[in-house]
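Report on the structure given below.
The values are calculated or read from the model by the stated rules, or taken from the named source; none is laboratory data. Note that this is a predicted model, so its numbers are computed, not measured. Cβ atoms come from the backbone with ideal geometry, glycine included; neighbour counts cover every protein chain shown. Accessible surface areas use protein heavy atoms only, side chains included; no ligands, DNA or RNA. Shrake-Rupley method; radii C 1.70, N 1.55, O 1.52, S 1.80 Å.
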Amino acid sequence: GGGDWPDPQVLESRSTSAGTWQGTVRNTATGRAQAKIFGVCVSKKTTLGNEVTVGPLVTKTVGFSKGINSAELTCEAGTTPVSPGYEVSGSSAVLIASTPTDGNGRKFTLDVSGDEAKVTLSMRCLTNETSSGAQLEFAPISKTIEVGPGAVVSEQLTCAVGYKGIVAGWDYEYGLVPLGNDPQPITRVFRIWNPSDQSMKATLHLLCLKIRT
């Protein structure tokens, strides 16, 4: 009774070091809000002792005006984008899309509600082979759903047996409100609110990593 779903504003959700994830939330409601922060952790070494390499942060800082804005980050060939994150200052913004691109990158789309926002986008690049030369195996999956008018829905993507879900992505039709996503070992659960009076579409993504090379 003290607010609504969009009142807690996520100002930051990003990797700050190889083993650390940081989140900042501003609660504009008159009552308390509850938020959950999480990270998906991948071992630095295989069971045989071979190294798994994740590169330094790839970042881009841009000025986004009020409304819908997009920007992309790209990893080098032979690597895979992981740990997509963002930080917003100067205004409030909602990350309505975070999707893999054909060019080995990541596209971020934010809906800025106030004046111009300063946005820093970030991700890391996971090398596609271990120090012994064994190839990591990835399996991206996706699903498009419809969210009915006034509905709050939970939808999940599940990796195949022998894989773990490591990077989530989504592309929500303008007007849908993302309520976050919850990682489980092989499943990612997305929660979405549709405050409008008509059905809208959401496309969900999950990158799965095979537990054996």
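If I filter region 194-205 for residues that are more than 19 Å from Cys41 (Cα to Cα), out of contact with any Pro (no Cβ under 6 Å at 6 or more places or on another chain) and basic (Lys, Arg), do I get at least one hit?
Checking region 194-205: at least one residue is more than 19 Å from Cys41 (Cα to Cα), out of contact with any Pro (no Cβ under 6 Å at 6 or more places or on another chain) and basic (Lys, Arg).
Select from region 1-37 the residues that are in a loop (DSSP other than H, G, I, E, B) and surrounded by 11 or more Cβ atoms within 10 Å (Cβ to Cβ) and list them in ascending order.
Gly3, Asp4, Trp5, Pro6, Asp7, Ala18, Thr28, Ala29, Ala33, Ala35, Ile37
How many residues does region 141-161 hold that are open to solvent by 30 Å² or more (accessible area, probe 1.4 Å) and either of a type outside the set (S, T, N, Q) or touching a Gly at 6+ places or on another chain (Cβ under 9 Å) (or both)?
The qualifying residues number 12.
Give me the pairs: first residue in region 16-28 and farther than 13 Å from Ser83 by Cβ, second residue open to solvent by less than 50 Å² (accessible area, probe 1.4 Å) and not in a strand (DSSP E or B), beta-carbon distance under 6 Å, and six or more apart or on different chains, which are they?
That search, which allows pairs on different chains as well, returns Thr28/Asp7.
If we scan region 171-186, do we find a residue that is buried (at least 20 other Cβ atoms within 10 Å of the Cβ), within 20 Å of Trp5 (Cβ to Cβ) and among the polar types (S, T, N, Q)?
yes
For every residue, the table says whether it meets (1) over 18 Å from Phe138 (Cβ atoms); (2) in a strand (DSSP E or B); (3) touching an Asp or Glu at 6+ places or on another chain (Cβ under 7 Å).
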position: Ala71; (1), (2), (3): yes, yes, no
position: Glu76; (1), (2), (3): no, no, no
position: Glu87; (1), (2), (3): yes, yes, yes
position: Ser98; (1), (2), (3): no, yes, no
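State yes or no: is Gly63 in contact (Cβ under 8 Å) with a residue 24 or more places away in the chain, open to solvent by less than 20 Å² (accessible area, probe 1.4 Å), over 21 Å from Leu176 (Cβ atoms) and not polar (S, T, N, Q)?
Criteria not met by Gly63.
Could you check region 187-198 and list, in sequence order, the residues that are open to solvent by less than 70 Å² (accessible area, probe 1.4 Å) and of a type outside the set (Phe, Trp, Tyr)?
Hits for region 187-198 are Thr187, Arg188, Val189, Ile192, Asn194, Pro195, Ser196.
So which pairs qualify, if the first residue must be in region 74-97 and within 12 Å of Asp111 (Cβ to Cβ), the second must be of a type in the set (Gly, Ala, Ser) and buried (at least 17 other Cβ atoms within 10 Å of the Cβ), the Cβ gap must be under 7 Å, and the two must be at least 6 apart or on different chains?
These pairs meet every condition: Val88/Ala117; Ser91/Ala117; Ala93/Ala117.
If we keep just the residues of region 160-188 that are of a type in the set (A, V, I, L, M), within 18 Å of Val82 (Cα to Cα) and part of a strand (DSSP E or B), which is nearest to the chain's Cα centre (by Cα)?
Ala168
Across region 40-85, what is the number of residues that are among the acidic types (Asp, Glu) and farther than 13 Å from Arg124 by Cβ?
Matching residues across region 40-85 total 2.
Quick one: would you say Val52 is open to solvent by less than 60 Å² (accessible area, probe 1.4 Å), closer than 15 Å to Leu209 by Cβ, in contact with a Leu (Cβ under 8 Å, 6 or more places away or on another chain) and touching a residue at least 24 places away in the same chain (Cβ under 8 Å)?
yes
If I filter region 107-134 down to residues being part of a strand (DSSP E or B) and free of Cβ contacts under 8 Å to residues at least 40 places away in the same chain, which single residue comes out as surrounded by the most Cβ atoms within 10 Å (Cβ to Cβ)? Lay out the reasoning, then the answer.
Step one: of region 107-134, the residues part of a strand (DSSP E or B) are 107-112, 117-127, 129.
Still in the running and free of Cβ contacts under 8 Å to residues at least 40 places away in the same chain: 107-108.
Values: Lys107: 18, Phe108: 24.
By that ranking, first place goes to Phe108.
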